[in-house]
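Working notes for the structure below.
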């Protein structure tokens with residue numbers, strides 16, 4: 001095994017093109033587990049922690065470009081106002097030791113259906129910026145990025161550069177079910193974003209389908225039913241109906257963490273609560 | 001592969017390091033620093049917690065090569081000579097030490113908390129130690145130790 005340690009983004013893309021057998025590593029919170037347990041023996045590790053550009057974020061036209069190597073701890077402290085849904089999810093990741101190392105880019109690279117960053121990125125309509133030495137940069141809507149269990153839309157010569165997320169225009173929520181508050185892989189997770197500027201709703205479901213996914217029909221239903229103009233109280237029946245539609249969008253399985261039936265039921269509860277909290281936030285802001 | 005890194009203030013070099021090796025293995029098996037413990041090897045238990053460039057990390061989840069040229073502080077580096085660090089003293093006095101396997105990681109995590117938050121609330125202590133498992137104490141004595149260390153630190 002080789003240890004490849006480029007110090008610039010261009011070098012990293014060149015190395016990635018030359019060594020399709022190399023496994024990219026950032027915070028190591030997924031990759032090192034696979035190595036420690038002999039689950040994976042790549043031809044090389046491609047260490048991305050020496051590339052300064054990956055650890056930066058910036059804002060242009062109210063869209064945050066979040067470098068793939070920014071750890072969760074910094075998402076929480078630096079981006080809680082702009083990206084509240086992602087920051088809420090980041091707070092639920094692992095432990096302090098994990099949040100200081102783990103990155104949103106790494107979460108996307110692993111593409112686990114349980115990745116905590118994925119539901120809020122889906123709800124916000126984020127785009128993943130990927131790049132290769134041969135073809136330059138392209139952007140992939142996050143809803144098209146996940147192609148299967150732990151599979152994503154990256155080509156073998158591509159690396160994840162950043163994720164682009166619009167600054168929140170309205171309330172965002174993230175909820176997750178697990179056996180304790182820390183160190184938990186979610187049994188189910190749900191993210192909601194209200195976009196009052198265009199009277200639209202965004203959703204993201206985690207751990208309840210082969211990939212993280214949106215609940216598109218539930219989004220349209222809720223956006224059509226919400227009283228955007230006067231922002232009156234949220235009818236209890238509407239919150240419940242939204243929860244049912246979110247659960248209907250899931251395709252969960254039974255596994256060691258929970259049953260499919262429990263996951264579906266928990267999603268009805270999480271979605272109902274999320275819309276109740278978010279709508280209350282919007283009414284208070286008015 | 002050669003790895004040169006600063007550990008507890010001293011530059012250390014190891015040769016023939018396997019590229020998939022963890023920082024934890026490097027510290028324990030090549031550099032003779034067995035303080036950080038090898039337990040879960042998946043970042044769940046926190047018993048291998050060390051500082052990497054001033055941040056508490058699970059050494060089992062850091063590739064040894066990622067530590068090249070960085071600064072590592074292990075539990076062995078907290079005491080000043082023979083004198084225990086106040087956090088270590090507090091763990092002994094409060095009875096926060098039983099089998100001792102989780103202790104080095106908890107000491108580093110508590111040390112980091114008190115450096116950032118000199119007078120932490122109970123929820124802050126629980127949150128800061130959420131990544132460290134202890135199977136003996138039931139945690140109450142550990143919370144006592146952190147409160148004791150915080151009081152002593154404030155009294156100085």
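Residues that are buried (at least 18 other Cβ atoms within 10 Å of the Cβ) and within 22 Å of residue A:206 (Cα to Cα) within the stretch A:144-158 comprise A:145, A:146, A:152, A:154, listed in sequence order.
Residue selection: residue B:57 satisfies the criterion of being within 25 Å of residue B:4 (Cα to Cα), in contact with a helix residue (DSSP H, G or I) (Cβ under 8 Å, 6 or more places away or on another chain), within 13 Å of another protein chain (Cβ to nearest Cβ) and modelled with pLDDT of 95 or more.
Residues in the stretch B:17-43 that are out of contact with any helix residue (DSSP H, G or I) (no Cβ under 9 Å at 6 or more places or on another chain) and within 14 Å of residue A:36 (Cβ to Cβ): 1 in all. Filtering the stretch B:60-70 to residues that are at the interface with another protein chain (Cβ under 8 Å from one of its Cβ atoms) and either assigned to a loop (DSSP other than H, G, I, E, B) or closer than 17 Å to residue B:39 by Cα (or both) leaves B:60, B:61, B:62, B:63, B:68. When the stretch B:98-133 is filtered for residues that are surrounded by 21 or more Cβ atoms within 10 Å (Cβ to Cβ), more than 10 Å from chain A (Cβ to nearest Cβ) and in a loop (DSSP other than H, G, I, E, B), only B:102 remains. Annotation: residue B:6 fulfils all but one of (1) more than 24 Å from residue A:43 (Cβ to Cβ); (2) in a loop (DSSP other than H, G, I, E, B); the unmet one is (2). Put simply, of A:147, A:179 the only residue that is outside the structural domain of residue A:259 (by TED's automatic domain parsing) and within 26 Å of residue A:32 (Cβ to Cβ) is A:147. Residue A:28 meets the conditions (1) within 12 Å of another protein chain (Cβ to nearest Cβ); (2) touching a helix residue (DSSP H, G or I) at 6+ places or on another chain (Cβ under 7 Å); (3) assigned to a helix (DSSP H, G or I); (4) touching a residue at least 12 places away in the same chain (Cβ under 8 Å) in every case but one. The failed one is (3).
Apart from one condition, residue A:65 fits all of (1) within 14 Å of another protein chain (Cβ to nearest Cβ); (2) outside any helix (DSSP H, G or I); the exception is (1).
The residue pairs whose first member lies in the stretch A:218-245 and is in contact (Cβ under 8 Å) with a residue 40 or more places away in the chain, whose second member is in a loop (DSSP other than H, G, I, E, B) and surrounded by fewer than 12 Cβ atoms within 10 Å (Cβ to Cβ), and whose beta carbons are closer than 8 Å, counting only pairs six or more residues apart or on different chains, are A:231/A:286.
Hey, any hits in the stretch A:1-8 for a residue that's exposed (fewer than 13 other Cβ atoms within 10 Å of the Cβ), more than 9 Å from every other protein chain (Cβ to nearest Cβ), over 21 Å from the mean Cα position of the chain (by Cα) and in contact (Cβ under 8 Å) with a residue 12 or more places away in the chain?
Yes; the residues of the stretch A:1-8 include at least one that is exposed (fewer than 13 other Cβ atoms within 10 Å of the Cβ), more than 9 Å from every other protein chain (Cβ to nearest Cβ), over 21 Å from the mean Cα position of the chain (by Cα) and in contact (Cβ under 8 Å) with a residue 12 or more places away in the chain.
More than 10 Å from every other protein chain (Cβ to nearest Cβ) and in a strand (DSSP E or B) - does that describe any residue in the stretch A:38-50? Yes, the stretch A:38-50 contains a residue that is more than 10 Å from every other protein chain (Cβ to nearest Cβ) and in a strand (DSSP E or B).
The values are calculated or read from the model by the stated rules, or taken from the named source; none is laboratory data. All figures in this text were calculated on a predicted structure; none of them were measured in a lab. Ideal geometry is used to build each Cβ from the backbone, glycine not excepted, and the neighbour counts take in all protein chains shown.
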